[in-house]
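First the structure, in the form of structure tokens, and then the observations on it.
The values are calculated or read from the model by the stated rules, or taken from the named source; none is laboratory data. These figures come from a predicted structure and were not determined experimentally. All Cβ positions, glycine included, derive from the backbone under ideal geometry; neighbour counts span all protein chains shown.
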Amino acid sequence: IIQLFVPLNFLGFVYREIRRAMTDMQRMFGLLQQRPKVADAPGAADLALSPDEAGLSFDNVSFGYSGKRRILHGVSFEVPPGRKIAVVGPSGSGKSTLARLLFRFYDPDQGAVRIGGHDIRQISQDSLRRLIGVVPQDTVLFNDTLRYNLAYGRPGATQEEIERVVRLAHLDGFIAQLPEGYDTRVGERGLKLSGGEKQRVAIARALLKNPAILVFDEATSSLDSGSEQAILSAIREVAARRTALVIAHRLSTITDADQILLLDHGRIAERGSHAELLAAGGAYARLWKLQQRDGAENIPAKG
Ligand code: ATP
């Protein structure tokens, strides 16, 4: 019995590890049905970078999911290590596609994506995915305790480490008022968390993983202003000293970005800081006025 038990237990462990690594990214990109279409180059190197080395760049990147329809057209931008770039634009303009290329779920048809100056086609996918943490729009919670769901960012995390990231993610007040605290069961058969609470769990997970690069996919659904403020300051914590790419739907959440790209039909239509883009008086400035008038509405969809 012991001989049988050990391997099964081990398989369970392996399975949980794989699930841990895959779920957030798949969830973020809706890739549950998709297989990666890329493979490691022969002799691909493992790349480990500290946050102050992990700048990223897109160099004249063009890409289409199928040969027929091009989605990105000659996109170039550079994010120095530790800086924050935000991407805004109408639905379908290619924002998530940029993030998928950064993860190398696909290779560009032209141009290159680089991290720390290395073309990501030359580095192992394992190490690439270790470098990048994701806060998806809609986080998966397992039918398990809150502690399990939090520690999933780094198996083996201590209670102290968990409590630290919970404070940074502004979840401590929420957990303190739960009668069972960290042992509260959440997920399908447990306590249902709100969208804002779930996103803060995702932020805590990302903080535990401690990646050099962070991709944050802002939830499209509007949150009440209390949750939005809590999430905003949590994002600032998680993005501090890391290279961050934020896919934003509300301009109010990205006014502090070092650079903002406005994508339109897969092209960078405008770029600059919030102040520069307002001063330029173009599409970004118009969107800003619209969102100020309508409250924190999402960017209107456009065909
Ligand atoms: P949203 O704000 O609605 O999330 P987005 O700007 O992130 O939109 P993308 O998801 O990057 O837009 O999609 C850009 C275009 O690529 C869209 O026209 C979309 O239909 C198309 N597209 C996205 N994923 C695929 C796919 N797997 N296969 C084919 N086309 C795709």
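With respect to the stated conditions, residue 110 is more than 23 Å from residue 237 (Cα to Cα), of a type in the set (S, T, N, Q) and surrounded by fewer than 16 Cβ atoms within 10 Å (Cβ to Cβ). Only residues that are more than 9 Å from the ligand (Cβ to nearest atom), of a type in the set (A, V, I, L, M, F, W, C) and part of a loop (DSSP other than H, G, I, E, B) were counted across the range 60-104, and they come to 1.
Look at residue 238 and say whether it is at pLDDT below 80, surrounded by 14 or more Cβ atoms within 10 Å (Cβ to Cβ) and either in contact with a strand residue (DSSP E or B) (Cβ under 7 Å, 6 or more places away or on another chain) or over 28 Å from residue 165 (Cβ atoms) (or both).
Values: at pLDDT below 80: yes; surrounded by 14 or more Cβ atoms within 10 Å (Cβ to Cβ): yes; either in contact with a strand residue (DSSP E or B) (Cβ under 7 Å, 6 or more places away or on another chain) or over 28 Å from residue 165 (Cβ atoms) (or both): yes.
In short, yes.
Would you point out the residue of the range 138-155, among those that are surrounded by fewer than 20 Cβ atoms within 10 Å (Cβ to Cβ) and polar (S, T, N, Q), that is farthest from residue 105 (Cα to Cα)?
Let us first name the residues in the range 138-155 that are surrounded by fewer than 20 Cβ atoms within 10 Å (Cβ to Cβ), namely 138, 140, 142-145, 147-148, 154-155.
Subsequent filtering for residues that are polar (S, T, N, Q) retains 143, 145.
Values: 143: 28, 145: 31 Å.
Per the criteria, the residue is 145.
Only residues that are in a strand (DSSP E or B), touching a Ser or Thr at 6+ places or on another chain (Cβ under 7 Å) and within 12 Å of the ligand (Cβ to nearest atom) were counted in the range 258-279, giving 2. When residue 46 is tested against the conditions (1) under 24 Å from residue 284 (Cβ atoms); (2) surrounded by fewer than 17 Cβ atoms within 10 Å (Cβ to Cβ), the lone failure is (1).
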